[in-house]
Structure formats: C-alpha cells, structure tokens
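For reference, the structure discussed in these notes is given below.
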Amino acid sequence: MRSYLILSLTILLSLSYFTQNQEISFDRVQAVVLAAGGSTRFKTGVTKLSAPICGQAMVLYPIKALSVLNIPITVIIGFQKELVQNIIMQATLNNITFIEQKKQRGTGHAVLCSQPTWYTDNILIMNGDMPLITTEIITTLWKAHQSNKAVISFVIAPNVDPNGAYGRIVYDENHIEIVEAKHFTGSIHDYPFINAGIYLVNKEFLEDSLGSIEQNEQTNEFYLTDLVHIASKNNLRVVTIDIPFDSVRGVNTHRELADAENIKQKELIEHWMKNGVRFYKPETVQIDLDVTIGAGTTIGCGVHLLGNTTVGKFCRIDQFTTIENSTLNAHVTVYANSLIENSLIESHAHVGPYAHIRTQTHLTPCAEDLVIKIKHI
C-alpha cells in the first residue's frame, strides 16, 4: 500500500504551511490517554509513568501537550492508580477525567472503559509513555484526519532496531494492519515502519468496531491496533503520517528512559544556547525542564541545574556545581564543586568553591566590607 505513504508525506508538507497561517480548532476532539499498564519491563515494581525526565514525571509530557491544545482528556488508570492520578492532579490542569481499568486486559479494553466519557466526533488515543511528543505532531495528525475524512488516522515512524517492542506496519497494495512486536515474524527491513501509539478515530467507527476486536489467544488481551485491520478490511479510509522516530519514542525499559532523557536534555540545552547561554561540554550538563537561565551566563562541565532554579544574566557557574530550587540574580559567580539548595543568591555574590548553601538561605554581598551576609529565610 505504497500510495498511502506518499499521501502521508504530502500531507506533512501541506500542513506545514497551513499551521503557520491558520489557527486550528480542536473543538471536535477529545483525548484518551492510556496510563493503566503494569510497567513490567521496568522491573522496579513502580509505574514507569512516575519516572522523572528532566525533572518532570513522564506521564505529564503527553498530558501537558494535550492541555496546551485545550483538548479534554480522559486518563485510563489501573496499576498504582493513586500515584498516577496524584501526579496529574498536582499539575493543576483543566478538563481531565480519570477512569479505572480494573483489570489490565489490553489497550482495546482500556479504551472501551472510557466509552461513557465520549461526546465529541473524534477520539484521540495515545500512550502515556511518550515524553517527546509535541503539539505539532498532534496538530498534523488532526489535519490529516480531517482533510482525508478518515475513520482512523495514526502516526508511524521508521525504525529497524530489532530490539524495539513496537508494532510493525504490515501492508500490501490493498490492505494495512499493525502487527504487535511479539507476533511479528517478517523482516523488519521489509516493513521498516513502526506504530507510534497515537491514533485519531471517528467516534461512530470506534463505537461500532471495539466490540469486534477479538481476544488474542496468546496474551488474552484485546489489542486496540486491530481497529486498523478492521477498517482496512472493510475498505474504510485509513491515513498515516510519517514522523521521525525520535519524536515519538515510547519508554518501556531503563535503556529507553535514558535515550528519551538524553534527547530532551539536548533540546533544552540547545534552547538556552539559542538564547545566549554558553555551555562548556554541554553533553555533561543536566538541566531540568523548569529551569531558566539568563543571557550571557556560562555553565561549566558537569553542572546540574534542577527543579525550579532561576539563574540570572551574566552569571558564572563553574564545574561540578549543583543548584536546586534556587534563585541566582544577575552577575553571581559560583565556583567549582558547590551545592546550593532552596536559597536566594543576590546579584554580584561569589560562592565557593566547595560551598554548601543550605535550604532557606538568603545570601547578600555587602559592599562596605566586601564580605557576604547570610541569613536564613
């Protein structure tokens, strides 16, 4: 089915112009985020969705992307439901509903659990372990789905890593389906595209077809991916969009967690570089998502800027320093191997080397005698 792939690439090009020139409405879309799985491949006994990536829990990345687009969200919870729900609720976002999948019987069953919450014409379904997802990808999928009047549209990505646990896109001239990784027996080079786990489905088709999904004999699960086979078999319109793999990586193992965090770290550091910050050996620096850095600042190798840290303009942070949940005003110098926690450092102060500024400290340079005044907040 080569033609649908060519169509997808054309859609991407045309949407680039469209999204730059027109505002896109999501009034006819609501989202279902799948967050009930047992995270067995993480091997920690704790849900992977709570794992921090650049200081933010993994599950919040797709949730916040949807919230930016004002898309109402139903989150399917199950394994460690209280933990997942609390993480999301603490983010104080709007239009979020929680539905429990009491028994984990697959993605198809999880979506079925959300059916009482459906009220729009189109249901956006996505996995909760996608920390690199962007609003641009969601927007592109929505436009492709609308413009082609598809019953189901979904995101694919090229990936020929034999160790990945992604479903494969299997197609011929007249049919397309997704074969789960554990059931795929063909050559990944013949079928190089994987299923990213982001779908837009016409609600009427979803209501009619979910009951047609058969329980897999090997896993006893109901696979949401079978919807693609059902639509294709009935000659209904299926649309795919092709996205670079690094933008839709999922996380099932600690190896994949490290890969995703490395990509996010690189994005953050490149952002601050573009805004006037210099990094020495940037590959050794760790920056959390909520950190802000002023122009003209230099960051040494091995520096960690964590939590809600703010660094002002023209600061100097020397090597192997850690600053967490603290504010440094402009022209502050922090010498090597220092630790600053939950504190305020006023402009022109010098700290370290080997200093430990403890929680709730307010550090001010005293101009009269060039010493530092310290008080606890």
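Distance from the alpha carbon centroid of the range 185-205 to that of the range 239-293 works out to 25 angstrom.
Sequence-distant or interchain residues sharing an amide H contact under 5 Å with THR321, placed H: which? Long-range HN contacts for THR321: VAL303, HIS304, ASN337, SER338.
Using θ = phi - 60° in the Karplus curve 6.51 cos²θ - 1.76 cosθ + 1.60, the 3J(HN,Hα) couplings for the range 74-87 round to 10, 9, 8, 10, x, 4, 6, 4, 5, 5, 5, 5, 5, 4 Hz; x is entered for Gly and Pro. Along the range 159-167 the Karplus relation, 6.51 cos²θ - 1.76 cosθ + 1.60 evaluated at θ = phi - 60°, assigns HN-Hα couplings of 6, 10, 6, x, 8, x, 9, 9, x Hz to successive residues, with x for each Gly and Pro. Note on PHE154, PHE79: ascending count of other Cβ atoms within 10 Å places them as PHE79, PHE154, the fewest first. Rounded to the nearest 5, the antiparallel percentage of DSSP beta bridges internal to the chain is 35%.
Classification of the range 2-252 by its C-alpha gyration tensor yields a rounded form. The axis ratio a/c (a ≥ b ≥ c) stays under 1.5. Farthest towards the positive end of the charge dipole of the chain, among the residues ILE241, LEU83, TYR166, is the Cα of LEU83, using unit charges on the Cβ of Lys, Arg, Asp and Glu. Please list, short to long, the whole-number percent of alpha-carbon pairs of the range 250-377 in consecutive 10 angstrom bins beginning at zero. Using 10 Å bins, I get a P(r) of 14, 45, 28, 11, 2, 0 for the range 250-377. How big is the gap, in Å, between the Cα center of the range 339-365 and the Cα center of the range 151-183? About 53 Å separates the Cα centre of the range 339-365 from the one of the range 151-183.
Any chance you could run the full-extension gain for ASN70 through LYS274? It's 0.36 nm times the residue separation minus the Cα-Cα distance, nm to one decimal.
Details: separation 204, 0.36 × 204 = 73.44 nm, distance 2.85 nm.
Result: 70.6 nm gained on full extension.
For the range 321-327, the Karplus equation 6.51 cos²θ - 1.76 cosθ + 1.60, evaluated at θ = phi - 60°, returns couplings of 9, 10, 10, 10, 6, 10, 10 Hz by residue, with Gly and Pro reported as x.
Computed from the C-beta positions of GLU23 and LYS43, the FRET efficiency with R₀ = 56 Å rounds to 0.80. Placing a label point 7 Å from the Cα of THR284 along the Cα-to-Cβ direction, the residues of the range 314-344 whose backbone N falls under 12 Å from that point are 318-321, 337.
The residue among ALA330, VAL303, ILE345 whose Cα reaches farthest toward the positive pole of the charge dipole of the range 275-376, with charges on the beta-carbon of Lys, Arg, Asp and Glu, is ALA330. In this structure the amide hydrogen of VAL285, modeled in the peptide plane, comes within under 5 Å of the amide hydrogens of GLY302, none closer than 5 places in sequence on its chain.
Between Rg and the Kirkwood Rh of the range 298-350, both from Cα atoms, what is the Rg to Rh ratio? Reported Rg/Rh, Kirkwood definition of Rh: 0.90.
Contour minus end-to-end for THR139 and THR292, with contour as 0.36 nm per residue of separation and end-to-end as the Cα-Cα distance? Please list the in-between numbers first.
Values: separation 153, 0.36 × 153 = 55.08 nm, distance 2.73 nm.
Taking 0.36 nm per residue and subtracting the Cα distance, the gain is 52.4 nm.
Once a ≥ b ≥ c are taken as the square roots of the eigenvalues of the Cα gyration tensor of the range 125-249, is the result rounded (a/c under 1.5), prolate (a/b larger than b/c) or oblate (a/b not larger than b/c)? The shape class here is rounded. Give me the base-10 log of I(q)/I(0) for the range 18-147 at each q in 0.14, 0.16, 0.20 Å⁻¹, Debye formula, one uniform scatterer per Cα, rounded to two decimals. Scattering profile of the range 18-147, log10 relative to I(0): -0.61, -0.79, -1.18. Backbone amide hydrogens, once placed in the peptide plane, bring VAL311 within less than 5 Å of THR292, ILE293, GLY294, LEU328, excluding anything fewer than 5 places away on its chain. Cross-link partners of LYS264 among lysines, defined as those whose alpha carbon lies under 29 angstrom from its own and excluding same-chain residues fewer than eight positions apart: LYS43, LYS48, LYS64, LYS81, LYS143, LYS182, LYS274, LYS281, LYS313.
Under the convention that each Lys and Arg Cβ holds +1 and each Asp and Glu Cβ holds -1, the size of the dipole of the chain around its Cα centre is about 440 debye.
Read the figures in this text as sums done on the coordinates, not as results from a lab. Nothing here was measured: the structure is a model prediction, and the numbers come from that model. Note: ideal-geometry Cβ built from the backbone for every residue, glycine included; neighbour counts use all protein chains shown.
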